[in-house]
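To keep things clear, I will list the structure first and then write my remarks on it.
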Amino acid sequence: MATNTFTAPPMSLRTALNVAVIGAGAAGLVAARELRREGHSVVVFERENRLGGTWVYDPKTESDPIGLDPSRTVAQSSLYASLRTNLPRETMGFRDYPFAASTRDPRRFPGHGEVLEYLNDFANEFGLTELVRLGTEVKRVGLEGGKWRVRSRCGEDFLDEIYDAAVVCNGHYSEPRIAEIPGIETWPGHQIHSRNYRTPEPFRGQVVVLIGSSSSAVDISRDIAGVAKEAHVASRSVTDGTIGKVPGYNNMWIHSMIERVCGDGTVVFQDGSAVCADVILHCTGYKYNFPFLDTNGAVTVDDNRVGPLYKHVFPPTLAPSLSFVGLLLKVIPFPLFELQSKWIAGVLSGRIALPSSDEMMANVEVFYRTLDESGIPKRYTHQLAEYQFEYSDWLASECGCPPSEEWRKQIYFATGKNRKVRPETYRDEWDDEHLVPRAYEDFAKYCSNGN
């Protein structure tokens with residue numbers, strides 16, 4: 001890894017650029033703040049009519065419940081009504097704008113509405129709303145003459161503008177991934193992706209098979225079990241010891257993955273069991289999707305690997321004028337978005353240096369080889385999990401920021417362990433109370449965020 005020995009120029013000598021930010025969710029908002037702090041001019045494009053990205057709950061669902069029809073109406077949100085955070089709030093906030101307990105929803109693992117209000121507070125605190133063009137869909141971002149032409153649509157009006165740089169922050173919860181199931185073409189039941197799940201009531205009295213083992217699969221299966229005749233959860237990660245009826249439930253079972261489905265409605269699992277089901281609900285994640293981005297093949301999506309990207313952010317041949325924030329999975333998202341944004345802003349101004357294009361590409365190739373040698377599929381390229389703190393501390397070092405707080409790391413790992421021990425109650429019962437005061441001691445260093 002190349003060592004950054006670059007000496008930052010004084011503010012008066014830094015380059016100020018015109019930057020387009022695509023998306024006004026958490027990633028786009030903090031990117032806008034960091035870019036403006038660095039002296040850049042920023043415009044944020046947001047297709048929907050309010051800030052918050054995926055944290056905006058919308059009871060409406062898409063016209064195609066499984067999400068395969070490219071002409072379907074697309075809902076803004078993938079949230080379900082009962083969703084609560086699966087991380088405690090003290091870990092979630094931006095590093096200098098704590099997500100402290102509020103009178104609106106004081107729970108340590110609050111509901112989705114509290115997260116949206118936090119993002120609105122953040123946008124108002126730092127004057128970001130004035131940078132956002134709501135109801136404006138980006139139709140194309142393409143390189144022309146060393147700059148980026150952004151074509152956008154607001155209502156019936158189209159606008160073409162030129163920017164020095166583009167930062168892609170459009171999220172990754174809009175294009176569903178669907179499990180491939182032998183026999184599905186003739187199976188008579190109903191399929192839905194979790195993106196279009198809102199409440200359990202439509203499944204009352206039905207036999208539902210859910211596919212997946214993510215947090216959403218766990219939450220939704222518990223939701224549905226309260227009204228369904230039967231709930232069956234199929235997962236690749238299941239072990240022989242966990243197959244069978246779920247403790248505490250009379251109508252929910254864990255199975256290995258689906259082997260096939262039949263024309264009479266039967267769903268056959270790899271463990272040999274079978275059930276006649278009304279619904280298959282895919283809690284199977286999402287595909288990265290950038291339909292507006294034209295890089296002439298410099299950036300591609302291959303089995304959910306967006307690449308090549310140096311440190312999951314910069315495409316080597318287009319850096320630093322094109323960058324991505326928020327591709328990473330199984331991380332504490334907001335503080336990581338913040339550090340990625342600080343890095344991008346500093347690189348664009350000339351305060352932080354990148355390695356050469358060749359050096360960045362070589363780094364990417366080594367990373368890909370490491371994944372291959374470890375047997376990690378391409379689709380998990382952006383999944384960091386425990387490696388996230390090594391990554392975020394590297395970003396912090398590049399930006400001249402302190403590393404991740406020790407309490408944040410300890411709470412994250414304690415929550416992961418607690419989730420395994422108490423899958424039903426981890427949001428309301430925990431053993432890391434002694435770490436929370438340490439977080440609030442750090443919070444006291446910052447001005448109140450108005451909560």
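Couple of notes before you dig in:
- Flag for Val42 being touching a residue at least 60 places away in the same chain (Cβ under 8 Å), in a helix (DSSP H, G or I), surrounded by 22 or more Cβ atoms within 10 Å (Cβ to Cβ) and touching a helix residue (DSSP H, G or I) at 6+ places or on another chain (Cβ under 8 Å): no
- Some residue of the stretch 192-205 being outside any loop (DSSP other than H, G, I, E, B), in contact with a Phe, Trp or Tyr (Cβ under 8 Å, 6 or more places away or on another chain) and buried (at least 21 other Cβ atoms within 10 Å of the Cβ): yes
Yes or no, residue by residue, for (1) basic (Lys, Arg); (2) assigned to a helix (DSSP H, G or I); (3) open to solvent by less than 60 Å² (accessible area, probe 1.4 Å):
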| site | (1), (2), (3) |
| --- | --- |
| Val238 | no, no, yes |
| Asn250 | no, no, no |
| Arg260 | yes, no, no |
| Asp264 | no, no, no |
| Leu281 | no, no, yes |
| Pro291 | no, no, no |
| Ala298 | no, no, yes |
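- Set side by side, the residues Glu365, Glu390, Glu398, Glu359 differ, and just one is of a type in the set (D, E, K, R), assigned to a helix (DSSP H, G or I), closer than 22 Å to Phe324 by Cβ and touching a helix residue (DSSP H, G or I) at 6+ places or on another chain (Cβ under 9 Å), which is Glu398.
Condition check ((1) on the phi < 0 side of the Ramachandran plot; (2) charged (D, E, K, R); (3) modelled with pLDDT under 90; (4) open to solvent by 30 Å² or more (accessible area, probe 1.4 Å)) across all residues:
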{"site": "Pro65", "(1), (2), (3), (4)": "yes, no, no, yes"}
{"site": "Ala75", "(1), (2), (3), (4)": "yes, no, yes, no"}
{"site": "Ser78", "(1), (2), (3), (4)": "yes, no, no, no"}
{"site": "Pro88", "(1), (2), (3), (4)": "yes, no, no, no"}
{"site": "Asp96", "(1), (2), (3), (4)": "yes, yes, no, yes"}
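- Tally, over the stretch 69-117, of residues that are within 16 Å of the chain's Cα centre (by Cα) and either in a helix (DSSP H, G or I) or without any contact (Cβ under 8 Å) to a residue 12 or more places away in the chain (or both): 5
- Test: Ala444 is closer than 28 Å to Ala101 by Cα and at pLDDT below 95: yes
- When Ile162, Ile181 are screened for being among the β-branched types (Val, Ile, Thr), open to solvent by 50 Å² or more (accessible area, probe 1.4 Å) and not in a helix (DSSP H, G or I), only Ile162 passes.
- Any hit, the stretch 405-422, residues being of a type outside the set (Val, Ile, Thr), open to solvent by 70 Å² or more (accessible area, probe 1.4 Å) and either outside the structural domain of Arg305 (by the TED database) or within 20 Å of Lys342 (Cβ to Cβ) (or both): no
The values are calculated or read from the model by the stated rules, or taken from the named source; none is laboratory data. This is a predicted model, so every value here is computed, not measured. In this analysis, Cβ positions are derived from the backbone assuming ideal geometry, glycine residues included, and neighbour counts consider all displayed protein chains. For the accessible areas, the whole protein counts, side chains as well, though only heavy atoms, and no ligand, DNA or RNA atoms are used. Shrake-Rupley method; radii C 1.70, N 1.55, O 1.52, S 1.80 Å.
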